[in-house]
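Okay, so here's the structure we're looking at.
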């Protein structure tokens, strides 16, 4: 009889997300403002925002595949964080004359060297939670079980409840040098701290003898699909049905493709693509729009605070919410809530005060918290054994591709029609997408109901 597995130290995940998100919150939300103050147009700001996603769409899977193949996840992760910290911090001390002539290429370099950091952390945290639960004989449905969301919420706490209000207050009330350098100093300090913590994350996958493909218990695997109802689930008879060709002798891209070509999985990834576009448009252009509406850095910091209040709650209860609503309904909520947010942003000037942006920011708990925790759990479930980082990198790449489209097209629309019409337009697109996915879901639910009797008989033949 094998000895019980040693449970991972989940405080490492929490410490990583807290320190890393603190550093990111110091600078990322305010970068568009810095770019604009250095003389960039809205279209150029959009192009700089698109760099992260343009690079991430191809470089993140390559980095993560390299880490999976060489088993050097911690070295890759820590090195990329340090590169990210140093390269962006250098922007605070260089000359900004004629900035656009070199800035785009510089940001490309920054992103090439730092793009896999988030996906490697998410992959490790999901695996550590599953190992922690298995060491204690728990499943994700048991009281006291660990979940990805319960680790990731510490990033939300750090980002929205601590760092963003602090930096917003410093940039509103501090002197010129404080406003100019504080975001970069905070960025560098806390990212380096997170690089140190990242060396303690565990990326090793539970063996197939202990746990089935994609992190499920050995034996049968169940997945909800766009073609299933909340109660009736299409059963994958064994892990081999999903990864029938995913043998260790095949290349990483082939093994991932054998998963991705499943229509139900591909449909979900299309939703991830569109969510990435909406997320980026909001991240890149909201603060510019708030500034036009009379908003100050204090309002922007408060707006980030509000986004993270519900995000923390939903991350903590994400596993329960997913069981109650099912995976698909959790995902379908995303475009509908983006529509409500973006339509509200369009109305903001008519409300007379930029502070009125705060109430709608609470929907971020769904548009990011519920979406991100549900999607990452799904990625852990479908990942072939030993390729969790690669599958997480592919998920990040799809989000990045959507983000690239949103950043580029958003900048063009912003320059041509203004921020209000940009948010109105993307909001209406999200309303259409939510309706489309709802119709698709209900259609397949009705089809499954007609096949329930046959399905049950096959399951009970044994």
- Residue check for residue 104: outside any loop (DSSP other than H, G, I, E, B), touching a helix residue (DSSP H, G or I) at 6+ places or on another chain (Cβ under 7 Å) and surrounded by fewer than 17 Cβ atoms within 10 Å (Cβ to Cβ): yes
- Message: Just checking, does region 408-416 include any residue being surrounded by fewer than 21 Cβ atoms within 10 Å (Cβ to Cβ), modelled with pLDDT under 90 and within 16 Å of residue 334 (Cβ to Cβ)?
- Response: no
- Is it the case that residue 32 is within 20 Å of residue 163 (Cα to Cα) and over 19 Å from the mean Cα position of the chain (by Cα)? yes
- Message: Looking at 121, 163, can you tell me which residue is farther than 28 Å from residue 298 by Cα, buried (at least 17 other Cβ atoms within 10 Å of the Cβ) and in contact with a helix residue (DSSP H, G or I) (Cβ under 7 Å, 6 or more places away or on another chain)?
- Response: 121
- Restricting attention to region 166-178, report how many residues are over 28 Å from the mean Cα position of the chain (by Cα) and either surrounded by 19 or more Cβ atoms within 10 Å (Cβ to Cβ) or not in a helix (DSSP H, G or I) (or both). 2
- Can you tell me which residues in region 251-297 are at pLDDT below 85, surrounded by fewer than 17 Cβ atoms within 10 Å (Cβ to Cβ) and either more than 20 Å from residue 392 (Cα to Cα) or in contact with a strand residue (DSSP E or B) (Cβ under 9 Å, 6 or more places away or on another chain) (or both)? 296
- Item | Pair list, Cβ < 6 Å and 6+ apart or interchain, from region 257-268 residues that are touching a residue at least 24 places away in the same chain (Cβ under 8 Å) to residues that are in a helix (DSSP H, G or I) | 259/382
- Task: Could you run through region 1-24 and say how many residues are modelled with pLDDT of 90 or more and either in a helix (DSSP H, G or I) or buried (at least 19 other Cβ atoms within 10 Å of the Cβ) (or both)?
- Result: 14
- Taking the options 371, 345, name whichever one is over 23 Å from residue 119 (Cα atoms) and either in a helix (DSSP H, G or I) or touching a helix residue (DSSP H, G or I) at 6+ places or on another chain (Cβ under 8 Å) (or both). 345
- State all residues of region 124-160 that are out of contact with any helix residue (DSSP H, G or I) (no Cβ under 9 Å at 6 or more places or on another chain), part of a helix (DSSP H, G or I) and touching a residue at least 40 places away in the same chain (Cβ under 8 Å); if no residue qualifies, say none. 131, 132, 134, 135
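The values are calculated or read from the model by the stated rules, or taken from the named source; none is laboratory data. Remember, predicted model here, so these are calculated numbers, not experimental data. As a convention, Cβ positions derive from the backbone with ideal geometry for all residues, glycine included, and neighbour counts pool all protein chains shown.
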